[in-house]
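Just so you know, all these numbers are worked out from the coordinates, no wet-lab data involved. Model, not experiment: these values are computed from the prediction. Using ideal geometry, Cβ is built from the backbone for each residue, glycine included, and neighbour counts are taken over all protein chains shown.
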Amino acid sequence: MLGQQFYHETIRKIIVAFGTTFNNIQLVRKDNSGNITQSMKVPLAYGPKEKFLVRLRADADLSSKVAITLPRIGFEIQNLAYDGTRKLSRVQKFKKVNTGNSTRTLDTQFMPVPYNLDIVLYVLAKQSDDALQIVEQILPFFQPDYTITVNDMADMGIKRDVPIILNSISYEDNYEGDFDQRRALIYTMNFTCKFYLYGPVTSSNIIRTVQADQYTDMPDQSPKREQRYTVTPSPVSADADDDFGFNETTSFFTDAKNFNPVTGKDE
């Protein structure tokens, strides 16, 4: 069962979508008269805050290399967990007619599995006003969730709304040591993304003929076929997404052949 190779990049798409939500935060600085003296886009990167802090402290006096610039935003994955409250039926399927090949096929896929992805967002700044300005551009949109639309299953043409829920906020003033130690104000926000993971996609040819045989004398376990009911689309070349009718044909038999339920053949 396991071992069939498939990869829909679902978790990757969720991470990219989460980062894209915060990749256009703007920061302005003003003088005492209220005139804008500086305007910048806050950089965003994936990685733990410890990496940024180590880089920040590595060369505070800039004697050998350029230190990391503040303010900036970072984020990282914290946890991945199954969410049983959003469980869907196991037997239902998604269906789609695949027109990519010369012969059309019907693609099917079982219902996805719900998971929660916990992501932590860090806002780092050396000035309190910079940090507060960034935080105030984020918090009003989360009440406590913000919904984004993700094309999470392109093969089946499925788009899904993914809620990003703000769980908690914490504040840290990471300033200790001598005067040459750089200061770092850190706001930590914990988010949960509710999404679904999809299994493999299976393809099968489109069924264009349905046949049902009717038998008699079932009690003796050797039924004789009496008639056959056949249904085909009209036209026969119709595909699953076409507008078509049906041809119904009934055939009667007098050969008195018996149906063998073991072999599944007429004898």
**OP:** Could you work out how far apart the two model spin labels at residue 80 and residue 251 are, taking each label as a point 7 Å from the Cα in the direction of the beta carbon, and quote it in nm?
**Re:** 5.3 nm
Subject >> Violating pairs (Cα-Cα greater than 26 angstrom) within the set 95/159; 126/194; 41/159; 13/41 >> reply: 126/194; 41/159
**OP:** Once you have the Cα-Cα distance between residue 20 and residue 142, take 0.36 nm times their residue separation minus that, and quote the gain in nm to one decimal.
**Re:** 42.4 nm
Subject >> By average C-beta atoms within 10 angstrom, highest first, the peptides 33-40, 118-125, 83-90 >> reply: 118-125, 83-90, 33-40
Original post:
What's the Cα-based Rg to Rh of the range 1-41, Rh via Kirkwood?
Top reply: 1.49
Subject >> Separation of the residue 214 and residue 104 label points, Cα + 7 Å toward Cβ, nm >> reply: 3.2 nm
